[in-house]
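Peer 1: Please read through the structure below; I'll follow up with questions.
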Amino acid sequence: MNFVEKEKIKLDKGQFELNRRRLNWRLITKPKTLEFCRSFAVRANTQEYPYRLFCFEGSKDKNAETIQFGIGINFTGIEKKEGQHLEDGSIREKKTNILEKGSALVFSQGPAGEIMVLLYPYKSEVHERSEDYIILHRGLLPEELTDSLILKSLRKSLYYARISSLNGIAYGYTFTDRFSLLKMQYFDVRSQAKRREALFNLTSEWWKVIIAALLALAAALLAQNLAK
């Protein structure tokens, strides 16, 4: 029964920690993050930042909530024109404005009570980045989402919005812009997993070469001894 008792203790401690994380998020981290992001949006909008900023609760599912810091929809200046053939034989011109949208910073509460921070770029019918999103942080405890970390994430969201929008593309990327993007992509947990997998595959291939070489050496030594 010692094994059962030990497992029971571990599960009880895990349940306590899970409830603690969720309570911390609900009572402290979520309200603080909402207030911080909303204040940041108001200040930026007051300073006439060209894209409208806003912050709201996304998912309200219990223990699976999200906070979204959104960056407004923008007209790209491109207008699609299509001709519609009517029954009387005439043609009616249909105009559609091409919009870029979807740029956002999301704080997501995970099943185990940990927080993930994600960046989403602008997209439109005429342009989009190669990545769907970037994971800035994963596995954060609620108390680790500090004011400093929130502010850094907000700044990165404005930077990412700029480089993924047509206005930012037209302005061009500085060396600092390219370095910052590479840094975010490099530390994205998915990129880290790919690098570990590549390293493992490379190591496996090297082991195959080493083993093949050792077997060849052993065979040569064996043949030499038999020839004596």
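Peer 1: Return the long-range amide H neighbours of Glu65 (sequence gap of 5 or more, or a different chain), with a cut-off of under 5 Å between placed amide H atoms.
Peer 2: When sequence neighbours closer than 5 places are left aside, the close amide H contacts are Gln109.
Peer 1: Could you go through region 30-43 in sequence order and give the Karplus-derived ³J(HN,Hα) for each residue, using 6.51 cos²θ - 1.76 cosθ + 1.60 with θ = phi - 60°, rounded to whole Hz, and x for Gly and Pro?
Peer 2: So the Karplus estimates, Gly and Pro as x, are 5, x, 5, 5, 4, 5, 4, 5, 5, 5, 4, 5, 4, 5 Hz.
Peer 1: Leaving ligands, DNA and RNA out of it, report the carbon-plus-sulfur percent of the accessible area of region 89-141 at a 1.4 Å probe.
Peer 2: Ligands and nucleic acids excluded, carbon and sulfur give 48 percent.
Peer 1: I've got another one for you. Using 1/(1 + (r/R0)^6) with R0 = 25 angstrom and r between the beta carbons of Glu48 and Asp147, what's the FRET efficiency to the nearest 0.05?
Peer 2: About 0.50, to the nearest 0.05.
Peer 1: Let me ask something else. Taking R0 as 25 Å, what FRET efficiency do you get between Gln185 and Lys101 from their Cβ-Cβ distance, rounded to the nearest 0.05?
Peer 2: With a Förster radius of 25 Å, E is 0.70.
Peer 1: Let me ask something additional. Among Leu11, Tyr51, Ala41, whose Cα lies farthest out toward the positive end of the dipole of region 3-65, if unit charges sit on the beta carbon of Lys, Arg (+1) and Asp, Glu (-1)?
Peer 2: Positive-end residue among those listed: Leu11.
Peer 1: Using θ = phi - 60° and the Karplus relation 6.51 cos²θ - 1.76 cosθ + 1.60, list the HN-Hα couplings for region 52-60 in order, rounded to whole Hz, with x at every Gly or Pro.
Peer 2: Rounded to whole hertz, the list is 6, 10, 7, 9, 7, 6, x, 5, 10.
Peer 1: Still on this model: Report the full-extension gain for the segment Ile91 to Asp132: residue separation times 0.36 nm, less the Cα-Cα distance, to one decimal in nm.
Peer 2: Separation in residues times 0.36 nm, less the Cα-Cα distance, equals 10.9 nm.
Peer 1: Now, a different point. Length gain on complete extension for the stretch Leu18 to Lys81, per 0.36 nm per residue less the alpha carbon to alpha carbon distance?
Peer 2: Extending this stretch completely gives an extra 17.2 nm.
Peer 1: Which cross-chain or sequence-distant (5 or more) residues have an amide H under 5 Å from the amide H of Leu140, H modelled 1.01 Å from N in plane?
Peer 2: Ile115
Peer 1: Follow-up question, since we're still on this one. For a quick check of understanding: with a 1.4 angstrom probe and all protein chains in place, what accessible area in square angstrom does Asp147 have, to the nearest ten?
Peer 2: Using a 1.4 Å probe on the heavy atoms, I get roughly 80 Å².
Peer 1: Near Lys183, which lysines are there with a Cα under 26 Å away, not counting those fewer than 8 places off in the same chain?
Peer 2: Lys101, Lys123, Lys152, Lys156, Lys194
Peer 1: So, one more: Shape of region 1-88 from its Cα gyration tensor (a ≥ b ≥ c, root eigenvalues): rounded if a/c is under 1.5, otherwise prolate when a/b > b/c, or oblate?
Peer 2: Oblate shape, in that a/c is at least 1.5 and b/c is the bigger or equal ratio.
Peer 1: What number comes out for accessible area per residue over region 114-197 if the probe is 1.4 Å? Units Å², please.
Peer 2: I get 57 Å² per residue for region 114-197.
The values are calculated or read from the model by the stated rules, or taken from the named source; none is laboratory data. A quick note: this is a predicted structure, and the numbers were derived from the prediction, not measured. We place every Cβ from the backbone using ideal geometry, glycine too, and count neighbours over all the protein chains shown. Ligands, DNA and RNA are stripped out before the accessible areas are found, and what is left, the full protein with its side chains, is counted by its heavy atoms. Shrake-Rupley method; radii C 1.70, N 1.55, O 1.52, S 1.80 Å.
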